[in-house]
Amino acid sequence: MSTLIGCSQQNASIATSDLLLRSTLVKDATIPVQSTCQAEYSRIVSQQTPGLTPQDLLRSRALIGNQYRLERVMETLSSRERPVVAVVAGGSISLGHGLANPDQHRYSNRLENWMNEMYPLSPESTTNQDNNKGQQRHKVINVASHGADSCSMAKRLNVMYSDLESKLPPSSDEPDLIILEFAVNDYEGQDHLVQVRYQASVFFEGFMDITLCSEVVIHSLLKRYKNTAIMFLEMQTAILPRKTGALLHMGVATHYQIPVVSYAETLFHGFAELIHKLKRMDPISYSFADSELMLGSGDNVTFLSTATSSTLFPYPHGCSPCQPQNIISQFRQGGCKSICTFVERSNIVRDRKLKCKANDIPSGRKECFVPYLAPDAVHPSAVGHGIVMDLLVHALASAQRSSCEGEGTPYQNELPMTTFVAKTTNELKVRGDFLVVNDVARIFSRWDQLKPVGNPTGFERYADDLLKQRMGWIATDAAGGIKITFPIDLPPGECYVVYVAILKSYNGMGTMMVEVRDYGDKNKNSKPPKHSTKKKVDGLWQSPISVWNDVQITEDNIAGCTGYCEVDITTDPIISGRDGNKVKILTVSARRCSRVQN
């Protein structure tokens, strides 16, 4: 049986040797190193999407980072001794939103199938002997949730750790690989006015908060899982001015030497070029002539069916027929969205009226659909998910090829001696150690629901975004004076810091007074609060972006909550000149104080 890292039996000891020893062993192999290692690489990427070029794959490696842990993942796969466990944490993209058959087409499921097809566990493996059935499989645990972003994960790391403990096989005490997909939701993930806003600031008031959340996540994962490989997966939307979290992720990734795989870099440079070409051909509907859609050939790929036909650029970068059978039934009638529709929704054309409806397309011309997008501008199609899987596999296969050729990483990345944006390492620790997160919606497997005390009037729990996915306790009465109370029930005798997460947006938002009343225990009826903390909070900011924002109410150096406490939120009257008075509450949470002075 050939091994992945060694690529020959003589290299079986590579897994525990240093770089010099690996290089020596490879040079002594009877089969030429380059051809053997490349042959193994070619075998494991053989299911790649037709038309992806070496340049596409090169662009996908946005940051190589430290490859040591990725090489260990591939060693474990190659040994076939125990199941490899990967974890996907992300938003609705990772959930496979819009796919007709997510269990088949979602990139996480494809990755799991790839591991089991390329590296089936040996029947003689210790794991299978223990189970006496030979049915153990490599698996990908998908903990994605609608709207999840870096900050929602940072607050729920303890929930995720507890959840994973119950899902890991007996042979593993930590995951082998964790993939983080938060680029899209880290910007504009909560817009309540439009589905996808055409403009968003790169640097805005909450930029540092999101960057800190990303650092908290990476620092915590590296501290807890000493051998787990971590990767950022950077996605992008087809709304051209919309920014993503790639910039802030790259800073954190560089500091901690975390590999970055970029779907955005792979596809969206060609997407922009396609738009320019279509504009020159038809600036009103971005269509192309019927005669230009033909079966052809691209770089070392022959297109044998209409599913991989393409025009203007080789598949998958050009215009291809819509594949509605792969769209979930509730969106299928709307079909695929065209390049014209994406340009129109991007609001970047100001000098002419676009005509993007199918019945507006001139006779003899066709709409342009790209194969990696289908029902909307955000979520990849089945083809798009296949490409995501290809890029992840390429990153893993490239790591094994380098190691096989004697060019592997000789040391595992350690935690840096300094932080990136956090003031101290203690800040990273406490910000990743929340004890309770009461939430309006499920993030990860456990849901501690945000339930008010009693039956409040004036606040209602509902989703205010166009897709009806972003729940919250919402008050919209312009008169203000509406109150809602949420309990926090923790063991008495300790100091806790309380946070309230609200929607921060650019229009229609109001102000509120947040008060934390500390009773110490539940016998509140027999005594007044031990302490009360008040803070004025504003849901409006200038940046044209809508994200949830965690507001710290009590302080570390003052015991504002010592067990049971209640959080009162009272809306203010509308401020003159504002277009609304919305207050939206998403979570109430608490962590331990880092220090108490009085």
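The values are calculated or read from the model by the stated rules, or taken from the named source; none is laboratory data. Since the structure is predicted, the reported quantities are computational estimates derived from the model, not experimental observations. Every residue, glycine as well, gets a Cβ built from its backbone with ideal geometry; the counts of neighbours run over all protein chains shown. Ligands, DNA and RNA are stripped out before the accessible areas are found, and what is left, the full protein with its side chains, is counted by its heavy atoms. Shrake-Rupley method; radii C 1.70, N 1.55, O 1.52, S 1.80 Å.
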Practice task
Can you tell me what the convex hull of the Cα atoms of the stretch 547-594 projects to on average, as an area in nm²?
Solution key: 4.9 nm²
Problem - Value of Rg/Rh across the stretch 51-102 [Cα atoms, Kirkwood radius] - result: 1.06
Problem - Prolate/oblate/rounded call for the stretch 507-565, Cα gyration tensor, a/c under 1.5 rounded - result: prolate
Handout entry: Packing rank of 157-169, 472-484, where each peptide gets the mean count of other beta carbons within 10 Å, highest leading
Key = 472-484, 157-169
Problem - For the chain: relative contact order, % (alpha-carbon pairs under 8 angstrom, 6 or more apart) - result: 17 percent
Problem - Where labels lie 7 Å past Cα in the beta-carbon direction, separation of Q333 and F203 in nm - result: 4.8 nm
Exercise for the section: At 0.36 nm per residue, minus the direct Cα-Cα distance, what do K535 and L58 gain on full extension? Give it in nm, one decimal, please. Expected result: 166.7 nm
Problem - Cα pair distances in the stretch 384-437, grouped into 10 Å bins until the bin that holds the longest one, percent each - result: 18, 23, 23, 33, 3
Practice task
Pop out the ³J(HN,Hα) list for the stretch 545-553 in order, Karplus 6.51 cos²θ - 1.76 cosθ + 1.60 with θ = phi - 60°, rounded to Hz; leave Gly and Pro as x.
Solution key: 8, 10, 9, 7, 10, 8, 10, 7, 9
Exercise for the section: Provide, as a two-decimal number, the C-alpha radius of gyration of the chain over 2.2 N^0.38 Å, N being how many residues it has. Expected result: 1.05
Fill in the blank from the handout: Rounded to the nearest 500, the 222 nm mean residue ellipticity computed for the chain from DSSP H runs (n ≥ 4, each -39500 (n - 2.57)) alone is -8500 deg cm²/dmol
Exercise for the section: Would you give the gap between the C-alpha center of the stretch 51-127 and the C-alpha center of the stretch 461-496, rounded to a whole Å? Expected result: 38 Å
Handout entry: Cα gyration tensor, the stretch 366-471 - rounded (a/c under 1.5), prolate or oblate
Key = oblate
Exercise for the section: Pop out the carbon and sulfur fraction of the accessible area of the chain as a percent, whole number, probe 1.4 Å. Expected result: 50 percent
Practice task
Return a whole-number percent for the relative contact order of the stretch 415-550, with Cα pairs under 8 Å and 6 or more residues apart as the contact set.
Solution key: 18 percent
Practice task
Take the Cα pairs of the stretch 208-255, get the Kirkwood Rh, then feed it into Stokes-Einstein at 37 °C and 0.692 mPa s and tell me D in µm²/s.
Solution key: 274 µm²/s
Exercise for the section: Could you tell me which of the pairs K530/K582; K139/K429; K155/K536; K468/K582; K223/K423 are separated by over 21 angstrom between their Cα atoms in the structure shown? Expected result: K530/K582; K139/K429; K155/K536
Problem - Note, ³J(HN,Hα) from phi for the stretch 43-57, Karplus 6.51, -1.76, 1.60, rounded to Hz, x at Gly and Pro - result: 5, 7, 10, 5, 8, 4, 4, x, x, 5, 9, x, 5, 4, 5
Completion exercise
Given a Förster distance of 51 Å, the FRET efficiency implied by the Cβ-Cβ spacing of R137 and N523, rounded to the nearest 0.05, works out to 0.45
Practice task
Identify, among M513, F313, V343, the residue whose Cα sits farthest towards the positive end of the charge dipole of the chain, taking +1 on the Cβ of Lys and Arg and -1 on the Cβ of Asp and Glu, with the dipole about the Cα centre.
Solution key: M513
Handout entry: Table column - 3J(HN,Hα) (Hz), the stretch 427-440, Karplus curve with 6.51, -1.76, 1.60, x for Gly and Pro
Key = 4, 4, 5, 6, 6, x, 10, 6, 8, 9, 9, 8, 10, 7
Practice task
Restricting things to alpha carbons, tell me how big the stretch 313-370 is in terms of Rg and Dmax, in Å.
Solution key: 12.7, 37
Fill in the blank from the handout: Note on the chain, DSSP bridge orientation, antiparallel percent to nearest 5 equals 75 percent
Completion exercise
Under 5 Å from the placed amide H of R461, counting only residues 5+ away or on other chains, we find I474
Completion exercise
If N is the residue count of the stretch 519-598, its Cα Rg over 2.2 N^0.38 Å rounds to 1.36
Handout entry: Distance (nanometres) between label positions extended 7 Å along Cα→Cβ at E117 and T457
Key = 6.1 nm
Exercise for the section: At 0.36 nm per residue, minus the direct Cα-Cα distance, what do T425 and M281 gain on full extension? Give it in nm, one decimal, please. Expected result: 46.3 nm
Completion exercise
The Cα radius of gyration of the stretch 450-598, divided by 2.2 N^0.38 Å with N its residue count, comes to 1.07
Handout entry: Projected label distance in nm at Q412 and R43, using a 7 Å step from Cα toward the beta-carbon
Key = 2.7 nm
